[in-house]
Amino acid sequence: KELKNAGRFVKEPSDLASLDATRDFLPQFLPASEDGDLLMYQHYQRVSIDKSMPHKDAYKLLAQQVEHVSEGEFAREVSRVWAEFMASFFGYEPYWILPELRDNDGDAKSPSIVRYAVGQEVMTPYGKGVIEAILEPSIKAGLRYKISLPFVKKGGAAYIRPESIIYALPGSGMVRKNERMQPVQEPAKTMPSPKMLNTKKYHALFANDAVYRFLRLYSMLVKILAVSKTAIEDAMEEEKLMDGPDTVAGYGGLYGKMVPPSPSASSRNYIRNKHSFCAYLAMVPKFLTSDMSYLDFETYCRTTSKEVVAPLTVLPKLVEKCADSLLRVVKDNVVLELFDYAQLKEGNLAKLREQARSVIDNPCYRIQYDGKHCYFAYAAMDQNLFELPHETDDESGQNSMEVDGATASGGGPTSPAANSVSASPGGGSVSKSPDRGGTEPPVAKRVKLE
């Protein structure tokens, strides 16, 4: 509902956008962009997210929560979604999820591991490589891929198990069907595009509500983690600067009173480490599993950093909601196939949406990423992606115009109730009804242009 009514938030920003506690974490609602590369001709959201942010910490928190609520049932599927979609989409180094891939994907027959094709370029723990051959499972060994790697001498190759392939690189012309990578089939409907997206600058994806909700919550989670990490580390640095030299107990001061000894360096470091960012991350799962009360958790957050108390205390709830959204994405089992089409990198958005329609019924959520920002827009299936919005756009950001007395579509004829539509010199319009035989004030209605 938030994205569908993006136009309303452009005109009337939420009250939360003006609050110090939430201003940095809310998305920007923007009108249609004039950026010729972005190609956003609907109202849209923009959130800041880049690969320097703590994606690894976000993944660990979500993986722990998913394992807790699902009792480990979907651990394998979650790790594959993270490797094949998230790592490739956001462009961060996936080396830190390799242990999870090996632990969760030990079964090469698992449906969560697609069967790659000969000739595909893939990312492995050793870098990029090309699949030269597929070695079928035998009594001595399971399924393996023969892959040529850049650093292997000419004529040599590496033999890699399926779980060690992280994701397929773009441009292979392959998409998954029935758990196998197959050459893509052109859509039956030709989809010409007046403008092509710069695929070197943007990832583009059309998805369903579940994928949008997850990425939207994930963007907020990573942003809160980044701001909180900076605030906590700054607070620790200030404490170090405020620490004076060590003193011993003795009499002194203005009135000769007993002066207590200052804490030793080791004890000060212990106190600081207890309230470090890593320590905070360890407290979040304890709170989510009810090993810590809310009062104790809030007290811990206040003693950790007084600058970001609100984000620190609300983050566990966000982890909970984001993990639920991730589970829904995993259960829908469509995001990897949708991303395969995105990885074709053809730049034809109309064609990409039609290809996504072969996977899901209504790929109305458009998602783009350029390395610094994630863009979200809602485009109904009957909406032209390249039609500039009219000045009288409605609150949902869909293209619309005002017509007198009846609805009209695509510049075609109006309903029988309206005999004609004309513009007055003042910019208004009148309609003449044959039933009433005169001119009456217009009744404005909003309709959508085809």
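The values are calculated or read from the model by the stated rules, or taken from the named source; none is laboratory data. The shown structure was predicted, so the numbers you read here are calculated from the model rather than taken from an experiment. We place every Cβ from the backbone using ideal geometry, glycine too, and count neighbours over all the protein chains shown. To get the accessible areas, we keep the full protein, side chains included, count just its heavy atoms, and leave off ligands, DNA and RNA. Shrake-Rupley method; radii C 1.70, N 1.55, O 1.52, S 1.80 Å.
For the reader, a short list of remarks on this structure follows.
- Restricting attention to segment 151-165, the residues that are within 27 Å of the chain's Cα centre (by Cα) and either open to solvent by 20 Å² or more (accessible area, probe 1.4 Å) or modelled with pLDDT of 90 or more (or both) add up to 1.
- Only one of the numbered conditions (1) closer than 21 Å to Thr313 by Cα; (2) free of Cβ contacts under 8 Å to residues at least 24 places away in the same chain is not met by Leu225, and that is (2).
- If you go through segment 294-334 and pick out every residue that is open to solvent by 70 Å² or more (accessible area, probe 1.4 Å), part of a helix (DSSP H, G or I) and either aliphatic (A, V, I, L, M) or touching a helix residue (DSSP H, G or I) at 6+ places or on another chain (Cβ under 7 Å) (or both), you end up with 5.
- The helices (runs of 4 or more DSSP H) falling completely within segment 1-114 that include 1 or more residues that are more than 30 Å from Thr230 (Cα to Cα), modelled with pLDDT under 80 and open to solvent by 70 Å² or more (accessible area, probe 1.4 Å) map to 6-11, 98-104.
- Filtering segment 166-200 to residues that are open to solvent by 60 Å² or more (accessible area, probe 1.4 Å) and in a strand (DSSP E or B) leaves Lys177, Arg180, Gln182, Pro183.
- Positions within segment 201-217 being open to solvent by 30 Å² or more (accessible area, probe 1.4 Å) and hydrophobic (A, V, I, L, M, F, W, C), in sequence order: Leu217
- Subset of segment 337-370 [assigned to a helix (DSSP H, G or I) and aromatic (Phe, Trp, Tyr)]: Phe339, Tyr341
- Taking first residues from segment 163-180 that are closer than 13 Å to Phe339 by Cα and partners that are part of a loop (DSSP other than H, G, I, E, B) and open to solvent by 40 Å² or more (accessible area, probe 1.4 Å), the Cβ contacts under 7 Å between residues at least 6 apart in sequence or on separate chains come to Pro170/Lys345; Gly171/Lys345.
- Within segment 316-374, being out of contact with any His (no Cβ under 9 Å at 6 or more places or on another chain) and among the β-branched types (Val, Ile, Thr) holds for Val319, Val329, Val330, Val334, Val335, Val359, Ile360.
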